[in-house]
Amino acid sequence: MALAIDDVRRVAQLARLRIEDAQAAPMLAELNTILHLIGEMQAVDTSGVEPMSHPRDVAQRLRADEITEPDRRAALLALAPRAEAGLYLVPKVIE
């Protein structure tokens with residue numbers, strides 16, 4: 001799929017980019033090169049390739065899930081203007 005100068009101008013308009021006539025021809029060549037590369041990549045048979053989330057087979061190092069802060073729930077709820085059953089009560093803002 002090759003683009004034309006009008007396609008480049010249309011894409012620039014959609015992207016809200018101002019493109020001068022002198023810039024349109026080099027941009028056309030670059031976009032056609034990119035589309036050619038995409039076409040080559042789509043032609044490669046990848047039916048036996050398993051998708052991967054990372055190019056290297058690495059494991060995520062996670063820290064232990066430990067509680068480090070004291071439970072201050074009751075003290076913080078006591079500061080609220082209104083609380084009930086362990087929840088903050090707020091005024092209704094949407095009817």
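Bear in mind these aren't lab numbers, they're just calculated from the coordinates by the rules spelled out. All figures in this text were calculated on a predicted structure; none of them were measured in a lab. Ideal geometry is used to build each Cβ from the backbone, glycine not excepted, and the neighbour counts take in all protein chains shown.
Quick check: pseudo-label points 7 Å beyond the Cα along Cα→Cβ at Leu77 and Gln13, how many nm apart are they? Result: 6.2 nm between the two label points. Under 5 Å between amide hydrogens, built in the peptide plane, is the criterion, and for Ala83 it picks out Leu89 among residues at least 5 positions away or on other chains. Farthest towards the positive end of the charge dipole of the chain, among the residues Leu77, Thr46, Leu35, is the Cα of Leu77, using unit charges on the Cβ of Lys, Arg, Asp and Glu.
Once the other residues with Cβ under 11 Å from the Cβ of Ala12 are scored (Lys, Arg +1; Asp, Glu -1), what is the net sum? Summing Lys/Arg as +1 and Asp/Glu as -1 gives +1. Charging the Cβ of each Asp and Glu at -1 and of each Lys and Arg at +1, and nothing else, the dipole of the chain about its Cα centre rounds to 540 debye.
Highest GNM mean-square fluctuation among Ala25, Ala78, Ala43, for the chain modelled with Cα contacts below 10 Å: Ala78. Phi-derived couplings, Karplus 6.51 cos²θ - 1.76 cosθ + 1.60 at θ = phi - 60°, listed residue by residue for segment 79-91: 7, 6, x, 9, 8, 8, 6, x, 10, 7, 9, 10, x Hz, with x used for Gly and Pro.
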